[in-house]
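Read the structure below first, then the notes.
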Amino acid sequence: MIRFENVSLRYDNNTDVLQDINFELKPGSFHFLTGSSGAGKTSLLKLIFLAGKPSGGKVFLFNQDSARLPRAALPEIRRRIGVVFQEFRLLDHLTIYENVSLPLRVCNIKETQYRSNILELMNWVGLGDRINAFPTTLSGGEQQRAAIARAVVGRPNVIIADEPTGNVDTEIGMRLMRLFAELNKQGTTILIATHDKQLWEGSPYPRLHLEQGSLVPTYGEY
Amino acid sequence: MAGNSQILPRNSVAGPALGAVTATMCFLACLALGAVLSVNKAAHNWLTQATGAVTIQITDTENLTARDQLQAVERVLKRTRGIKTYEIIPEEKLIGLLEPWLGTGNVTADLPIPVMLDVSLNKEQRFNENGLRIELSAVAPGAKLDTHGRWRQNLERGVQTLRVLASLILILVTIATATVIIFATRAGLGTNKQTVEVLHLIGARDKFISRQFERQFLTLSLLSCAIGYVAAASIFHLLFTLMTDMEDMQFYLLLLSVPVLSILMTWLIIRNFVIRTLAKAL
């Protein structure tokens, strides 16, 4: 589903961010992407959700080389990947309902076709009573759940979450993890980037570990 | 609830300042076009009147007085094709026409006043101007046919100059408006950079994003152009109350082309500019 072949990423100032990255995410898999801050986790995720291009190597998304995708094909690929951004990236001038429904609106789906689904999803993430609230009036945890709702509303094949528990307390963090596990059970491929050891320790899911831009083996964990 | 709400923040793309500029530009363009239309119509009326009539002036020659030549001229006029009627202008009227220059009562009896004939032409028949001129010179050497050609030429030249001037104003206003819209769109894209990025990342097509910009601009353009049009139309309406036979619905319909074309131009500029800018993004 997602495959990295000898991928490297170098910024304009000649800083190597990623070096020789090789891995594959199979359909329905659940992975953690770990590493300390600055290890290159966000940069790697950006290559998956097409917010950046690799300097070397190949990134295959749904069996298509991302470098060879015509611009017109990018929206379709992006719609298959739900992203929970580290800083949420909710639009402050839209209500939570409007933010969550955005991925459906950009597909020109009529509101009558999705309204009940959104309300159900909002209840599922525990925001049923905050649909008309604006993001700035929500707590970090609520914003995080709204961001997750927005990422899953279009029923993407893959969900990528960048430090999804970074702004919430442990209890909410565990609730969010149960939410991701539930989505994974429904067949969604999940990749969660985190530097929080508590999140992945003791979890049954495999881990991709980044150190200074390179993937390092995580022997004997599983 | 969400279906029709604006995705871009209100006034983040097209603010009141842009609205004021667009309204002013539309107003100026309407004035320029209206001026051309009015002058065209007035000139057309004057030219129609002028081409529908000619004047014959008969002066004394060495051997013949003007009165001696009048009968011969009348005979020629009666058999000339294209002439509807003619009228000999009474001498008192001619003296009246001279009085503004010479002063009342200063027209002396020995002042040679020509005989003037006002000739109306039949528009449905072809009038041979040169033929009449030759015939007149044969029977009345003191007769001179005046078709008001020079006056007509001057009027046509004046109208043409005004047309060029108004076209230049229209071109300048169009360029200025287009520039303002491009700058405003660029600023709008800058202000909404984060929103545009999020929209891209959740799978929005460039056309969808462009539509959000078009929507804000067009709503504003519609209002601004309506204000500009109504203001210009009101001024023309006031002017036309002073001039008879000038106001008609066709004038206002033609003037309406300014706001319609302005809105169309705004839409095309924004669509092109936004799509081209977004194409450079990831």
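The values are calculated or read from the model by the stated rules, or taken from the named source; none is laboratory data. Keep in mind that this is a model prediction, so the values were computed, not measured. All Cβ positions, even for glycine, are placed from backbone atoms using ideal geometry, and neighbour counts span all protein chains on display. In case anyone asks, the SASA skips ligands and DNA or RNA and just uses the protein heavy atoms, side chains included. Shrake-Rupley method; radii C 1.70, N 1.55, O 1.52, S 1.80 Å.
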Task: Boolean, A:Val106 is closer than 20 Å to A:Asn157 by Cβ, open to solvent by less than 20 Å² (accessible area, probe 1.4 Å) and within 8 Å of chain B (Cβ to nearest Cβ) - done: yes
Task: Number of positions in region B:57-92 that are farther than 30 Å from B:Glu124 by Cα, open to solvent by 100 Å² or more (accessible area, probe 1.4 Å) and under 40 Å from the mean Cα position of the chain (by Cα) - done: 1
Task: Among (1) closer than 19 Å to B:Glu74 by Cα; (2) open to solvent by less than 90 Å² (accessible area, probe 1.4 Å); (3) without any contact (Cβ under 8 Å) to a residue 12 or more places away in the chain, the one test that B:Pro141 misses - done: (3)
- [ ] Among the residues of region A:190-222, write down those that are of a type in the set (D, E, K, R) and either surrounded by 12 or more Cβ atoms within 10 Å (Cβ to Cβ) or assigned to a loop (DSSP other than H, G, I, E, B) (or both).
- [x] A:Asp196, A:Glu201, A:Arg207, A:Glu211, A:Glu221
Open item on the list: So, restricting to helices (runs of 4 or more DSSP H) that lie completely within region A:83-189, which ones have at least 1 residues that are more than 17 Å from the chain's Cα centre (by Cα) and among the aromatic types (Phe, Trp, Tyr)?
Closed with: A:96-105, A:111-124
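Could you list, in sequence order, all residues of region A:183-215 that are basic (Lys, Arg) and modelled with pLDDT under 90?
Narrowing region A:183-215 to residues basic (Lys, Arg): A:185, A:197, A:207.
Across region A:183-215, the qualifying residue is only A:Lys197.
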Task: Boolean, B:Arg150 is exposed (fewer than 14 other Cβ atoms within 10 Å of the Cβ), at pLDDT 85 or above and over 30 Å from B:Ala14 (Cβ atoms) - done: no
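Take A:Glu120 and decide whether it is closer than 15 Å to A:Ser101 by Cβ and of a type in the set (Asp, Glu).
Yes; evaluated as a whole, the condition is true for this residue.
When you go through B:Phe208, B:Phe240 one by one, which is the residue that is more than 20 Å from B:Gly19 (Cβ to Cβ), among the hydrophobic types (A, V, I, L, M, F, W, C) and modelled with pLDDT of 90 or more?
Working: B:Phe240 fails: modelled with pLDDT of 90 or more.
Among B:Phe208, B:Phe240, only B:Phe208 is more than 20 Å from B:Gly19 (Cβ to Cβ), among the hydrophobic types (A, V, I, L, M, F, W, C) and modelled with pLDDT of 90 or more.
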Task: Entirely in region B:166-282, the helices (runs of 4 or more DSSP H) that have 3 or more residues that are open to solvent by less than 70 Å² (accessible area, probe 1.4 Å) and in contact (Cβ under 8 Å) with a residue 24 or more places away in the chain - done: B:193-201, B:206-240, B:257-279
- [ ] Quick one: count up the residues across region A:1-49 that are open to solvent by 70 Å² or more (accessible area, probe 1.4 Å) and not in a strand (DSSP E or B).
- [x] 10
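Looking at this structure, is A:Gly52 under 20 Å from the mean Cα position of the chain (by Cα), at the interface with another protein chain (Cβ under 8 Å from one of its Cβ atoms), open to solvent by 10 Å² or more (accessible area, probe 1.4 Å) and farther than 23 Å from A:Arg145 by Cβ? Break it down into steps so the answer makes sense when it comes.
Numbers: under 20 Å from the mean Cα position of the chain (by Cα): yes; at the interface with another protein chain (Cβ under 8 Å from one of its Cβ atoms): yes; open to solvent by 10 Å² or more (accessible area, probe 1.4 Å): yes; farther than 23 Å from A:Arg145 by Cβ: yes.
It is true that A:Gly52 is under 20 Å from the mean Cα position of the chain (by Cα), at the interface with another protein chain (Cβ under 8 Å from one of its Cβ atoms), open to solvent by 10 Å² or more (accessible area, probe 1.4 Å) and farther than 23 Å from A:Arg145 by Cβ.
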TODO: Name, by its number, the condition in (1) facing another protein chain (nearest Cβ under 9 Å); (2) under 17 Å from A:Gly173 (Cβ atoms); (3) acidic (Asp, Glu) that does not hold for A:Glu98.
DONE: (2)
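When only residues in region A:55-73 that are part of a helix (DSSP H, G or I) and within 14 Å of chain B (Cβ to nearest Cβ) count, which is surrounded by the most Cβ atoms within 10 Å (Cβ to Cβ)? Let's see the steps before the verdict.
Our first condition is that a residue be part of a helix (DSSP H, G or I); within region A:55-73, this holds for A:66-68, A:71-73.
Checking which are within 14 Å of chain B (Cβ to nearest Cβ) leaves us with A:66-67, A:71-73.
Values: A:Ser66: 21, A:Ala67: 11, A:Arg71: 12, A:Ala72: 9, A:Ala73: 12.
Among those residues, the one meeting the criterion is A:Ser66.
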Open item on the list: If I filter region B:41-50 for residues that are in contact (Cβ under 8 Å) with a residue 60 or more places away in the chain, assigned by the TED database to the domain that holds B:Val159, of a type in the set (A, V, I, L, M, F, W, C) and out of contact with any helix residue (DSSP H, G or I) (no Cβ under 8 Å at 6 or more places or on another chain), do I get at least one hit?
Closed with: yes
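Taking A:Gly154 as the residue in question, decide whether it is more than 14 Å from chain B (Cβ to nearest Cβ) and either out of contact with any strand residue (DSSP E or B) (no Cβ under 6 Å at 6 or more places or on another chain) or not aromatic (Phe, Trp, Tyr) (or both). First the steps, then the outcome.
On the way: more than 14 Å from chain B (Cβ to nearest Cβ): no; either out of contact with any strand residue (DSSP E or B) (no Cβ under 6 Å at 6 or more places or on another chain) or not aromatic (Phe, Trp, Tyr) (or both): yes.
It is false that A:Gly154 is more than 14 Å from chain B (Cβ to nearest Cβ) and either out of contact with any strand residue (DSSP E or B) (no Cβ under 6 Å at 6 or more places or on another chain) or not aromatic (Phe, Trp, Tyr) (or both).
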Open item on the list: Between A:Arg78, A:Arg115, A:Arg89, which is open to solvent by 70 Å² or more (accessible area, probe 1.4 Å) and either within 11 Å of chain B (Cβ to nearest Cβ) or under 18 Å from A:Leu176 (Cα atoms) (or both)?
Closed with: A:Arg115
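In this structure, does B:Ala14 turn out to be open to solvent by less than 70 Å² (accessible area, probe 1.4 Å), assigned to a loop (DSSP other than H, G, I, E, B), of a type in the set (Gly, Ala, Ser) and over 30 Å from B:Pro114 (Cα atoms)?
Working: open to solvent by less than 70 Å² (accessible area, probe 1.4 Å): yes; assigned to a loop (DSSP other than H, G, I, E, B): yes; of a type in the set (Gly, Ala, Ser): yes; over 30 Å from B:Pro114 (Cα atoms): yes.
Yes: the conditions hold for B:Ala14.
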